[in-house]
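Before any comments, here is the structure.
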Amino acid sequence: MNIPSKVRLIDVGPRDGLQNEKQPVPAAVKIELVHRLQAAGLKEIEVTSYVSPKWVPQMADNHEVMAGMTRQAGVRYSVLTPNLKGYEAAVADRPDEIVVFGAASEAFSQKNINCSIAESIERFAPVVAAAKAAGIAVRGAMSCTVGCPYEGEIAPSRVEYLAGLMKGIGVERVDVADTIGVGTPRKVQAAFEATLRHFGVDQVSGHFHDTYGQALSNTLAALELGVWNFQSSVSGLGGCPYAKGATGNVATEDVVFLLHGMGIETGIDLDRLVDAGQYISEQLGRANGSRVARALLAKRASA
Ligand code: HMG
Ligand code: MG
């Protein structure tokens, strides 16, 4: 086993976490969340997306959020850009990294971004080229790498195909996403093995929604392959509007507790992270979705 000694977490809470909220979340609250995440030691934050406001109204304040936040040196701020229109809007806000997002499932590609996998790659190619020419890093998210809400189980060969297409257009690193949280360790490892045929282990990350409670097991399974980049969402916020019933990403607090318990460094201050998660949970008027946060808050209250 090559379990890494350090892990880099990307908190996707401000984007994946909030995109599905029905009530508008004020830009000031999103900005405060970004500030609290960086204060807790997060070095990568997925801030927002430049998608159609008709499709995802919650992300319509992308400019306001990006312009309003105070950047901290050494933190990478990433944003989602599905096409050139999105990229051109994003570039004005100086992201450090843009994310093109495709799917291993044809049906999900159609529902999420209104085009086939092949068409999505045609749309992404000029975005990737423009970003690289401008010195902006490029990540590719790969949805439905183990299961799809419309097509069911997804074969690793589909993941390998998509990863190859992403590599072919110059994407620098990719997220292996379990969009609906149906993955279990061996299936998730198969999706990574398929991806690793095109990308090195330093260029892949795990993005696990926790719908079926498997995300921490899947994190451990990915760690066993040497994967050391993961995405998670503070207090377990979120879900994709085009994956009905899927819950949020695994909570960052829960992943940090797992990693620190295994002696793996993250650079994250768990107490401050719990505060960030509690802040956004209170703003949304909702119970904190992180079990670790709930346990630590109960301990604080009884101290
Ligand atoms: P479309 O309708 O095919 O696009 O949508 P179009 O080019 O035909 O344009 C139609 C309208 O959208 C036009 O406006 C365009 O200007 C506008 P109208 O003339 O009707 O007023 N438009 C845009 N507006 C703002 N920003 C843009 C943009 N592009 C076109 N970039 C599109 C295609 C991709 C835009 C649409 O399908 C869309 O916005 N989808 C939303 C996808 C999304 O945000 N999904 C959630 C994020 S992905 C995710 O959560 C999964 C992930 O977490 C990994 C995992 O867990 O699996 C990453
Ligand atoms: Mg997601």
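The values are calculated or read from the model by the stated rules, or taken from the named source; none is laboratory data. Just so we're clear, the structure is a prediction, and the values are computed from it rather than from any experiment. Don't worry about glycine lacking a Cβ; one is built from the backbone with ideal geometry, like all the others, and counts go over all protein chains shown. Ligands, DNA and RNA are stripped out before the accessible areas are found, and what is left, the full protein with its side chains, is counted by its heavy atoms. Shrake-Rupley method; radii C 1.70, N 1.55, O 1.52, S 1.80 Å.
Within the range 109-155, restricting attention to residues that are assigned to a strand (DSSP E or B), in contact (Cβ under 8 Å) with a residue 60 or more places away in the chain and not charged (D, E, K, R), the residue that is surrounded by the most Cβ atoms within 10 Å (Cβ to Cβ) is SER143. Evaluated against (1) of a type outside the set (Gly, Ala, Ser); (2) in a helix (DSSP H, G or I); (3) open to solvent by 10 Å² or more (accessible area, probe 1.4 Å), ARG197 falls short on exactly one condition, (2).
Scan the range 267-282 residue by residue and report those that are assigned to a loop (DSSP other than H, G, I, E, B) and open to solvent by less than 20 Å² (accessible area, probe 1.4 Å). The one that is assigned to a loop (DSSP other than H, G, I, E, B) and open to solvent by less than 20 Å² (accessible area, probe 1.4 Å): ILE268. Would you check if PHE108 is modelled with pLDDT of 95 or more, over 19 Å from ALA131 (Cβ atoms), within 16 Å of ligand 2 (Cβ to nearest atom) and in contact with a Pro (Cβ under 8 Å, 6 or more places away or on another chain)? The answer is yes for PHE108. Annotation note: Cβ proximity below 7 Å between a residue of the range 240-264 that is at negative phi and open to solvent by 50 Å² or more (accessible area, probe 1.4 Å) and a residue that is of a type in the set (Val, Ile, Thr) and not in a loop (DSSP other than H, G, I, E, B) (sequence gap 6+ or interchain) occurs for PHE257/VAL292. Take the conditions open to solvent by 50 Å² or more (accessible area, probe 1.4 Å), in contact with a helix residue (DSSP H, G or I) (Cβ under 8 Å, 6 or more places away or on another chain) and either within 16 Å of ligand 1 (Cβ to nearest atom) or under 21 Å from ALA295 (Cβ atoms) (or both) and apply them to LEU216. Does it pass? Answer is yes for this residue.
Restricting the range 20-60 to residues that are within 16 Å of ligand 2 (Cβ to nearest atom) and at pLDDT below 95, which is most open to solvent (accessible area, probe 1.4 Å)? Within the range 20-60, the match that is most open to solvent (accessible area, probe 1.4 Å) is ASN20.
Just one of the listed residues (ARG286, ARG294) is in a helix (DSSP H, G or I), basic (Lys, Arg) and open to solvent by 10 Å² or more (accessible area, probe 1.4 Å), namely ARG294.
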